[in-house]
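Input: a single structure, listed below in structure tokens.
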Amino acid sequence: MSRHDMIPVNSPWPFYKWDIHIVGPFPAGAGNVKFLIVAIDYFTKWVEAKALRTITGVQRHKKRLNEKRTGWVDELSNVLWAYRTTFKKSTGETHFSLAYGSEAMIPAEILVPTHRVANFDETANNEALCENLNFVEERRLIAAIREANNKQQIVKYYNK
């Protein structure tokens with residue numbers, strides 16, 4: 001019997017590199033919040049945001065919101081949902097699909113049932129989700145290649 005050295009296999013680490021911005025002050029919103037901390041994952045471009053009353057430390061960016069005035073806090077979750085579930089030309093994917101391996105179900109699909117809702121089978125759905133997760137790394141690689149190609153085309157156009 002031959003002896004083989006153990007070779008550890010590292011699994012990918014999603015969300016390993018983030019870009020964080022502090023924006024504001026905005027007009028005071030509900031709960032007297034005036035600032036926003038926004039974190040963006042470098043690869044998937046996934047966005048997380050949190051509204052805060054005060055910021056301690058150094059502000060990296062200042063940006064003013066002219067429309068909606070105090071209602072911007074209420075719109076934040078809707079803006080993030082739209083951003084996460086909109087197809088991006090550069091990758092051909094949504095940020096949600098690159099993070100979770102499948103497309104998000106929009107709330108309207110529950111109110112006005114689509115084929116996927118009307119024919120829902122929990123067992124089949126769980127199997128499909130697991131299958132999608134098996135291919136998520138491939139989808140991310142293809143998206144990275146598309147994005148690199150898109151950037152090369154932009155550079156080529158710009159340098160003409």
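Label separation (ILE55 vs ASP74): 2.5 nm, computed from points 7 Å beyond Cα along the C-beta direction.
Distance between the modelled labels on CYS130 and ARG146, one decimal in nanometres: 2.8 nm (7 Å Cα→Cβ projection).
Using the Karplus relation 6.51 cos²θ - 1.76 cosθ + 1.60 with θ = phi - 60°, the per-residue 3J(HN,Hα) values for region 126-139 come to 4, 5, 5, 4, 5, 5, 4, 5, 5, 9, 5, 5, 5, 4 Hz, with x marking Gly and Pro.
Rounded to whole numbers, the Karplus 3J(HN,Hα) couplings from phi for region 101-111 are x, 8, 7, 6, 8, 6, x, 4, 5, 7, 6 Hz, using 6.51 cos²θ - 1.76 cosθ + 1.60 with θ = phi - 60°, and x at Gly and Pro.
Any read-out appearing in this document is the output of simple, stated calculations on the displayed coordinates, not a laboratory observation. Quantities reported herein were computed from a predicted structural model and do not represent experimental measurements. Ideal geometry is used to build each Cβ from the backbone, glycine not excepted, and the neighbour counts take in all protein chains shown.
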